[in-house]
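All remarks here apply to the structure that follows.
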Amino acid sequence: MPFDPNAAAAPDSGVFGLPFSPDDSKIVLVPVPFEATTSYGGGTSDGPSAILEASKQVDLFDLETGKPYEAGISMLDESAEVRAWNDEAKAAAEPIIESGGLESHPAALATVNALSEKMNQYVYETTKEWIGKRKIVGVIGGDHSTPFGAIKAYAEAFPGLGVLHLDAHADLRNAYEGFTWSHASIMYNVMQKIPGVAKLVQVGIRDFGEAEFDMIQSSNGRIHTFFDSRLAHARLDGMPWREQVDIIVRELPSKVYLSWDIDGLDPVLCPHTGTPVPGGLTFHQAASLLEGVVRAGKTIVGFDLNEVAPGPEGDEWDGNVAARLLYKMIGWTLKSQTK
């Protein structure tokens, strides 16, 4: 029976209610249920499953991007091995986090870092494999440490690429709380360990430390941060968002990787994310930013979406918003490659 995009999704259907296998799909999503170093709110290891379930309620025709589903979208099965690494690493990290990151548990710290490296290698190898099959790979976290391996694989495939980083946090901390691969260190690690990334452009940043600010200032333009307060003040003074978007995307090279933390949005849209911060982008501003990348003639080569956490009572709002944002990310990624 042919696929009917207007029919209700079957309970056992794939992401967005689609019937495609990874081999039949242009978009391959890699769920990474890992949140070992989350130091405030938890639950992001259940983000991939929450997005998967919520995605089945998304209408598949999109006013701006048309019919992204026609290219084929599939999510790999969650890795039981990654889930086991997460459980072991979270248990090891707990006393370290409770002590404020003091290095009083060296064996536990070594365990967390080693398991995080295993996760990185899994994501790297999986992403590289599917890139080699000419797929567009998206990592679905988990906390924001999860896409390091994907960014590494994409930087090898497209040296000189730029990372468009939407987040409330700069994520430029060096081994936060002692964890080399902390979710708060993802962009520090990218900039220090992946020379194929030519530029990091950050949007929505509103929570950062002095050392992170100094790293931005001393990067000689390799890191360009559009702080949320400055963007908001400019809009209050009358600057249209479209004009701001054009200025933002002008900083990006021709090949772009999206690394998006859901807490870059207004926390009204993601109340259960681990570290919500007042401010941030509306849903439409985020979608408009994607459109602006394509309008500028850039090509989106890959992406990740992280830090989505379902509510403690099974609240599906965060997953619902994330699934719809993910569909926008997929749609604009496809359009950027067919312009």
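What 222 nm value per residue comes from the helices of the chain, counting each DSSP H run with n ≥ 4 as -39,500 (n - 2.57) and dividing by all residues, nearest 500 deg cm²/dmol? Value at 222 nm, helices only: -12500 deg cm²/dmol.
In plain terms, the residue of S55, S229 with the fewest other Cβ atoms within 10 Å comes first and the most crowded comes last, giving S229, S55. A 30 angstrom limit on the alpha carbon distance is what I want to check against. Which of K90/K193; K90/K328; K90/K255; K26/K118 exceed it? Result: K90/K328; K90/K255 exceed 30 Å.
Taking the number of other C-beta atoms within 10 Å as the exposure measure, put I216, I73 in order starting with the fewest.
I216, I73
Taking Cα centre as origin and charging only the Cβ of basic (Lys, Arg, +1) and acidic (Asp, Glu, -1) residues, the dipole magnitude of the chain rounds to 1600 debye. Springs join every pair of Cα atoms under 10 Å in this Gaussian network model of the chain, and among G66, G141, G160 the largest mean-square fluctuation is at G66. Each of S45, S25, S288 has some number of other Cβ atoms within 10 Å of its Cβ, and from fewest to most they run S288, S25, S45.
Kirkwood radius, the range 51-96, all distinct C-alpha pairs, inverse of mean reciprocal distance: 14.0 Å. Largest GNM mean-square fluctuation among A114, A150, A286, using the chain with Cα springs under 10 Å: A114. For the range 24-336, with equal point scatterers placed on the C-alpha atoms only and solvent neglected, what are the log10 I(q)/I(0) values from the Debye formula at q = 0.07, 0.08 1/Å, to two decimals? Debye output, listed in q order: -0.24, -0.31.
Rule-based calculations on the coordinates, nothing more; no lab input. It should be emphasised that the depicted structure is a prediction, and the values quoted were computed from it without experimental measurement. Glycine gets a Cβ as well: all are built from the backbone with ideal geometry, and neighbour counts include every protein chain shown.
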